[in-house]
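Notes follow once the structure below has been shown.
The values are calculated or read from the model by the stated rules, or taken from the named source; none is laboratory data. Being a predicted model, the structure only gives us computed values, none of them experimental. So basically every Cβ, Gly included, is an ideal-geometry build from the backbone, and we count neighbours across all protein chains shown.
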């Protein structure tokens, strides 16, 4: 199964900067809609930089007019399976990572506030695409 994401009518890379992160997920689901264990794959679309912004770690953004293709290959070991493709936007992923790093080194009196800020950042994710596609075993 191939999921293609195109940057259409956008005059810059998608996403623009270190926020947001876009997560593309593919997995097999059974007739009841339950994920098949071990079948999930995720790809990230975004730009990752060091917390102090001193260096780029990775850049998997889609250039203006470009496309990203995600190919998911799994063996079908039974009938009735479907492919579920999901695209989730995590608008505050960079902030959540920053809060996580501060909590890891000890935030002192600000620990409760940082935990709350991290909770809010992590809860801002939303799904912009989800589709189940029936598969046939050949």
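The sole residue among 112, 104, 32, 68 that is assigned to a strand (DSSP E or B) and either farther than 19 Å from residue 126 by Cβ or out of contact with any strand residue (DSSP E or B) (no Cβ under 6 Å at 6 or more places or on another chain) (or both) is 68. Only a single criterion out of (1) modelled with pLDDT under 90; (2) surrounded by 12 or more Cβ atoms within 10 Å (Cβ to Cβ); (3) under 20 Å from the mean Cα position of the chain (by Cα); (4) farther than 20 Å from residue 128 by Cα is not satisfied by residue 36, namely (1).
Going through (1) modelled with pLDDT under 90; (2) farther than 25 Å from residue 34 by Cα one by one, residue 80 falls short only on (2).
The test for being over 19 Å from residue 2 (Cα atoms) and surrounded by fewer than 16 Cβ atoms within 10 Å (Cβ to Cβ) does not hold for residue 125. Can you work out which of the residues in the range 71-101 that are part of a loop (DSSP other than H, G, I, E, B) and in contact with a strand residue (DSSP E or B) (Cβ under 7 Å, 6 or more places away or on another chain) is nearest to residue 21 (Cα to Cα)? Filtering first and then ranking leaves 72.
If you go through the range 39-51 one residue at a time, do you hit one that is loosely packed, with under 13 Cβ neighbours inside 10 Å and touching a strand residue (DSSP E or B) at 6+ places or on another chain (Cβ under 8 Å)? Yes, the conditions are met somewhere in the range 39-51.
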